[in-house]
1. Taking H as built 1.01 Å from N, whose amide H comes closer than 5 Å to the amide H of Lys62, not counting residues under 5 places away?
2. Quick one: which residues, 5+ away or cross-chain, put their amide H under 5 Å from the amide H of Gly196? H built at 1.01 Å from N.
3. Would you mind working out the magnitude of the charge dipole of the chain relative to its Cα centre, with +1 at each Lys and Arg C-beta and -1 at each Asp and Glu C-beta, to the nearest 20 Debye?
4. Output wanted: per-residue J couplings in Hz (rounded whole) for the range 188-195, from phi through Karplus 6.51 cos²θ - 1.76 cosθ + 1.60, θ = phi - 60°, x for Gly and Pro.
5. Computed over the Cα atoms of the range 37-118, what is the ratio Rg over Rh, Rh following Kirkwood?
6. Whenever you get a sec, compute what percent of the accessible area on the range 96-245 sits on carbon and sulfur atoms (1.4 Å probe).
7. Under 5 Å between amide hydrogens, which residues at least 5 positions from Ala210 or on another chain qualify, with H placed 1.01 Å from N in the peptide plane?
8. Once all Cα-Cα distances of the range 248-298 are split into 10 Å bins that start at 0, what whole-number percent is in each one?
Amino acid sequence: MKKLALLATALAMVSGSALAADLRVKAVKAPPPPAFDPWDFAFGAGITNDYIFRGITQSNHKPSVNAYFEPRYNVTKDFQLYVGLGAASISFPNRAAAEVDAYGGARLTVGQFAFDVGAWGYLYPGGTCHYGFGATTDFAGVPLSNECQINQLVNGNVIKKDLSFFEVYGKVNYTFNDNFSMGGNVYYTPSFLNSGAEGTYASIVGKAIAPSAWFGASGIGMYVSGEFGRQWLGTSDSFYGVAAFPNGINYADYNTWNIGIGFTYKVFTLDFRYSDTNLSKGDCNAFTSDFAARGNVNGTTLGTFVTPINPSGVGSNWCGAAGIVKLSADLTAMTNLK
């Protein structure tokens, strides 16, 4: 009887252990893969004391506001398609109502590299042509519209009714670690500001982000960033020609740079930046048709700013050194609205 009892006990232990093992295997199930929502939306707005674009003010050194909306489609976690629509307040010589931006492209991440290619349209609705001074044709004999004939800027500059143009671009950025990245950008347009002149802009950029430990649990972040770029420009059409160059003027190429420090908190960024170029006041005037340009700038006399493409001698401050303060808010639906 003892032997039978021991045998029954052993069988019960073996059976129990096998059942327990079987139960453990059945209880552990692989979790279902997380749902992948490919759609996302980015949007934001900002206000700045001066809207500077490649070293040149777009707002006559006055405050400007902007906003944008950008739908995104994530084909994979590393490949994204996007389109966007934005607007900014400006102060142009043709008195365009605003700058409206329409753009689209693709972003790809490969390891520590991030690539971005696309096209960007700059639209300036509501402009008025200014030529005036009794001219019925430009210097090449091309007839001017009635609107161009009856409107003129007091400093003699001329500007087209429509300055809209588009660019294609490519960008690459390399992230070394959580605190430092560098990159390069190239933009090309066959007619910058609808002037007839080709434009190519290339720049290098860098950004250093402060370690999060610097600000503890406050949620505040800090970064330092900068850019050095060069704008190459071709020859305008005859509308902007002068007596010596009736078929158009060859705009001066120039360098531009900026450096700044920014602070972030949640979706907000406060950025302080210094921007400058090496364009002379005369060449700046020829390029921008600045309505505020004068022959006597900062006490200098008429004629100081005469260049081959700027025979009037008036000079513009739109391309000089500028301090920029910008407050912006940027959100994405997947991150901030869940």
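1. Amide H neighbours of Lys62, under 5 Å, 5+ apart: Tyr51.
2. Sorted by chain and number, the residues that satisfy this are Asp237.
3. Numbers: 22 positive and 23 negative charges, 335 e Å.
In total the dipole reaches around 1600 debye.
4. 9, 9, x, 7, 5, 6, 6, 8
5. On the way: Rg = 15.8 Å, Rh = 14.5 Å.
Reported Rg/Rh, Kirkwood definition of Rh: 1.09.
6. Details: 4770 of 7270 Å².
The value for the range 96-245 is 66 percent carbon and sulfur by accessible area.
7. Residues meeting the criterion, in which the H sits 1.01 Å from N, are Met222, Tyr223, Val224.
8. Once binned at 10 Å, the Cα pair distances of the range 248-298 give 19, 34, 25, 18, 5.
The values are calculated or read from the model by the stated rules, or taken from the named source; none is laboratory data. Keep in mind that what you see is a predicted model, and the values were worked out from it rather than measured. As a convention, Cβ positions derive from the backbone with ideal geometry for all residues, glycine included, and neighbour counts pool all protein chains shown. The protein model used for the area step is the full one, side chains on, heavy atoms only, and it has no ligands, DNA or RNA in it. Shrake-Rupley method; radii C 1.70, N 1.55, O 1.52, S 1.80 Å.
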